[in-house]
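First the structure, in the form of structure tokens, and then the observations on it.
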Amino acid sequence: MSIFDKLFSHKQRVPETPREEPAPQPIDREIDALYQSLASLLGTENLVIQAGRMNAMQLLRSESRRDRVLALQRILEEDPLIQSIPRESELPGILARLSERIADMRARRAVEDSIEKKVNEKLEKEHQEYVEDIRRQVIKEENPHAETPQDAKKREQLEKLEAIHLTQSVMELLRPQSFTEIVGQERAVKALLSKLSSPYPQHLLLYGPPGVGKTTAARLVLEAAKRRPESPFGEDAPFVETDGTMLRWDPREITDPLMGSVHDPIYQGAQKNLADSGVPEPKPGLVTEAHGGILFIDEIGEMDKMLQNKLLKVLEDKRAYFESSYYDPTDPKVPPYIKKLFEEGAPADFVLIGATTRDAGQINPALRSRCAEIYFEPLTPRHIEKIVENAAAKLKARLAEGVASLIAEYTIEGRKAINILADAYSLALEQAGGEIPADGLVISREVIYEVAQVSRLSQFVTKKARHTAEIGHIFGLGVAGFVGSVIEFEAVAFPAREKGKGMVRFNETAGSMAKDSVFNAASVMRQLTGKDIHDYDVHINVIGGGNIDGPSAGTAILACIVSAVTGRRIRQDVAVTGEISLAGRVRPVGGVFEKAYGARQAGIKTLVIPKENEKDIPSDLLGLDIHAVSTAEEAFRLIFEGEA
């Protein structure tokens, strides 16, 4: 017999003093059911203990249902001082309340059991994961190359992807592999090699238009420098390339791919063991990755100004330093390598090469002062033709007559010329039915024209030199960025209806400085020819429009006006640049080197420049007949036909 039966079975109890009780009723079964439910909820032993505390044991053994209900009240309400034995009429109401109390206890117990079960399941899962981590760690220490099935599956997926190769990109195939393939930049490459092969290599800034080979030249020069005994670069010296337009940083030091950064150990990702300990982990940037080699930053002029200043600090210190409010130097949990990074910084001894298409005046002066400067030259049509011919040889394609020169009319960028050729190659292959003929694929002029139409290309040079002299038409020269170009001026002059009241008209959009050149030219013309511009109605036009920034068109405008007024014919294979003073002197101007390339691009044979610019360019540059003059009369002898 169970303890419960011994306690609550009325057959086992013999009352000391029999009392008259009402006949057994369903309410007795209800009372017994409550006791059964309570014993099930608390457990029989716990129920006995609770009854003892509440001084209800004798009441539990009583034959009187009123006593047993009193015992239930004391146990459920946890109050041993309840003395009033309920009357028979009160029993149903009391039992209802006690039933609700037991129901609440059972519901609470069910929730607690559910929570307890989930807690135990969570603890069990974490325990299993912890044990699994320990097991993996032990396996890894015993066999460093072992991997889990999940890791193996991911590795196999990566290897499967890497096994798929569509084709080599055109730019990869046609990228120059030697110095001889870098066309038109012999002097720049020579200067670059001399500065990097020295035992004391210099930081460099490379200027020049896009697509002329700055990045490729720097990469090839490093490979050449590694082979020279006097060079400080080792065999494994890295070439780290990035783009100034893509570099971003955060003043909170949490994002800086160039200098390196320190992430919040909890939210931004350190190793798990470091994150658990709240230890920040410095992550070295590109300046450390380039240690011992070259850090090449394309479009360095586009970099954030603050980031440029941070780069200057690294160039001075040859180290990159880290800071973090999470770092505690007294924390024994900080690994030695992290302590070393915070206290000593990361090594960053490299040679900086910055490339830019901006003018030197737009580059940080402090950065320029730490770098040698090398200018890459614009490409001439012959250079573009050579690049196209080399690329066609690599593609194993044949060019029809005139194709290389035709491509050269659409661009002055080597990269763009290769893209045009690649498009033409694909189109020609499509027209051949997708099969390369036995004698090789031929790229025709018609294919180039079709590519130009589809790509909406326009000829880069539309102004061409001519052999026939003209009145009132001359080629001046301008520079935009690192690209020179010819500027066409034309003028017409008619005798004024009333002498001394002639009008002078000039392009409104040409700019105030160009208008000043017109008035200077009018004064000089009167000195040289005795003719007053106000005796004529003169109209001067810049063909194609545009703003002329600077006074360098002065000599050209003077010659154009003199030609229109006097009828003297101007040679159309001559281009001129130079400011004109009121005394008729030809003053120096900027960008003469680039202007020479613009003249050559337009087919000019003779170039007239100021005497003070004579040392700026070689006398035989690009095969041009270059003449340096001091006065307008000297320029006229070269500009006007038959006056040389």
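Kindly indicate the residue of segment 409-453 that is open to solvent by 80 Å² or more (accessible area, probe 1.4 Å), not charged (D, E, K, R) and not in a loop (DSSP other than H, G, I, E, B) and also nearest to LEU173 (Cα to Cα) among those meeting that condition.
Only one residue fits best here, namely GLN431.
So in segment 349-371, with the set limited to residues that are loosely packed, with under 15 Cβ neighbours inside 10 Å and of a type in the set (A, V, I, L, M), which one is farthest from PRO232 (Cα to Cα)?
ALA360
Could you list all residues from segment 479-491 that are surrounded by 17 or more Cβ atoms within 10 Å (Cβ to Cβ) and touching a residue at least 60 places away in the same chain (Cβ under 8 Å)? Before you say what the answer is, go through the steps one by one.
Pass one, segment 479-491, residues surrounded by 17 or more Cβ atoms within 10 Å (Cβ to Cβ): 479, 482-491.
Hits for segment 479-491 are VAL479, PHE482, VAL483, GLY484, SER485, VAL486, ILE487, PHE489, GLU490, ALA491.
So which of ARG600, ARG587 is at pLDDT below 90, open to solvent by 40 Å² or more (accessible area, probe 1.4 Å) and on the phi < 0 side of the Ramachandran plot?
Numbers: ARG587 fails: at pLDDT below 90.
When all the criteria are applied, what remains is ARG600.
Evaluate the following for GLU377: is it within 20 Å of PRO209 (Cα to Cα), among the acidic types (Asp, Glu) and out of contact with any Ser or Thr (no Cβ under 7 Å at 6 or more places or on another chain)?
Details: within 20 Å of PRO209 (Cα to Cα): yes; among the acidic types (Asp, Glu): yes; out of contact with any Ser or Thr (no Cβ under 7 Å at 6 or more places or on another chain): yes.
Spelling it out, GLU377 is indeed within 20 Å of PRO209 (Cα to Cα), among the acidic types (Asp, Glu) and out of contact with any Ser or Thr (no Cβ under 7 Å at 6 or more places or on another chain).
Regarding LYS310, is this residue at pLDDT 85 or above, open to solvent by 60 Å² or more (accessible area, probe 1.4 Å) and not in a loop (DSSP other than H, G, I, E, B)?
Working: at pLDDT 85 or above: yes; open to solvent by 60 Å² or more (accessible area, probe 1.4 Å): no; not in a loop (DSSP other than H, G, I, E, B): yes.
Here the answer is no, as LYS310 does not meet what is asked.
Could you check segment 539-584 and list, in sequence order, the residues that are within 15 Å of ILE639 (Cβ to Cβ) and open to solvent by 40 Å² or more (accessible area, probe 1.4 Å)?
First, pick out the residues of segment 539-584 that are within 15 Å of ILE639 (Cβ to Cβ): 553-578, 580, 584.
Correct list: THR566, ARG568, ARG569, ARG571.
Quick check on my filter: what residues within segment 463-494 are outside any strand (DSSP E or B), over 18 Å from THR606 (Cβ atoms) and touching a strand residue (DSSP E or B) at 6+ places or on another chain (Cβ under 7 Å)?
Going residue by residue through segment 463-494, those that are outside any strand (DSSP E or B) are 463-469, 472, 481-482.
Now narrow it down to the ones that are over 18 Å from THR606 (Cβ atoms): 472, 481-482.
Of everything in segment 463-494, those that are outside any strand (DSSP E or B), over 18 Å from THR606 (Cβ atoms) and touching a strand residue (DSSP E or B) at 6+ places or on another chain (Cβ under 7 Å) turn out to be GLY472, PHE482.
Kindly check whether there is at least one residue in segment 8-26 that is out of contact with any strand residue (DSSP E or B) (no Cβ under 8 Å at 6 or more places or on another chain), modelled with pLDDT of 80 or more, in a helix (DSSP H, G or I) and open to solvent by less than 30 Å² (accessible area, probe 1.4 Å). Outline the logic, then answer.
Step one: list which residues in segment 8-26 are out of contact with any strand residue (DSSP E or B) (no Cβ under 8 Å at 6 or more places or on another chain), which gives 8-26.
Restricting the remaining residues to those that are modelled with pLDDT of 80 or more gives 26.
Subset that is in a helix (DSSP H, G or I): 26.
Filter once more, keeping what is open to solvent by less than 30 Å² (accessible area, probe 1.4 Å): none.
No - not one qualifying residue is present in segment 8-26.
Kindly indicate whether any position in segment 632-644 is at pLDDT below 90, open to solvent by less than 60 Å² (accessible area, probe 1.4 Å), hydrophobic (A, V, I, L, M, F, W, C) and part of a loop (DSSP other than H, G, I, E, B).
no
Going residue by residue through segment 612-619, is there one that turns out to be hydrophobic (A, V, I, L, M, F, W, C), under 43 Å from the mean Cα position of the chain (by Cα) and farther than 15 Å from PHE475 by Cβ? If you could, list the steps in order and put the result at the bottom.
Of all residues in segment 612-619, those hydrophobic (A, V, I, L, M, F, W, C) come to 617.
Still in the running and under 43 Å from the mean Cα position of the chain (by Cα): 617.
Those still in the list that are farther than 15 Å from PHE475 by Cβ too: 617.
Yes, segment 612-619 has at least one match.
Let's see how each residue does on (1) closer than 23 Å to ILE407 by Cα; (2) at pLDDT below 90; (3) among the hydroxyl-bearing types (Ser, Thr, Tyr):
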| site | (1), (2), (3) |
| --- | --- |
| GLU435 | no, yes, no |
| LEU441 | yes, no, no |
| SER444 | yes, no, yes |
| ILE448 | yes, no, no |
| VAL451 | yes, no, no |
| SER458 | yes, yes, yes |
| LYS463 | yes, yes, no |
| GLY472 | no, no, no |
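Which of the residues spanning segment 54-83 are among the small types (Gly, Ala, Ser), more than 22 Å from GLN25 (Cα to Cα) and open to solvent by 10 Å² or more (accessible area, probe 1.4 Å)? Write out each step before concluding.
In the first step, residues of segment 54-83 are kept if they are among the small types (Gly, Ala, Ser); the result is 56, 62, 64, 71.
Within this subset, residues satisfying the condition of being more than 22 Å from GLN25 (Cα to Cα) are 56.
Residues satisfying the conditions do not exist here.
I'd like the residue in segment 202-213 that is at pLDDT below 90 and of a type outside the set (Gly, Ala, Ser) and, out of all such residues, is surrounded by the fewest Cβ atoms within 10 Å (Cβ to Cβ). So that I can check it myself, show each step before the final result.
Kept after step one, since they are at pLDDT below 90, are these residues of segment 202-213: 208-213.
Cutting the leftovers down to of a type outside the set (Gly, Ala, Ser) gives us 209-210, 212.
On the way: PRO209: 20, PRO210: 17, VAL212: 27.
Looking at residues that are at pLDDT below 90 and of a type outside the set (Gly, Ala, Ser), I get PRO210.
The values are calculated or read from the model by the stated rules, or taken from the named source; none is laboratory data. On a predicted model such as this, the values are computed, not experimentally measured, just so you know. FYI the Cβ positions are ideal-geometry reconstructions off the backbone, even for glycines, and counts take in every protein chain you see. Accessible surface areas use protein heavy atoms only, side chains included; no ligands, DNA or RNA. Shrake-Rupley method; radii C 1.70, N 1.55, O 1.52, S 1.80 Å.
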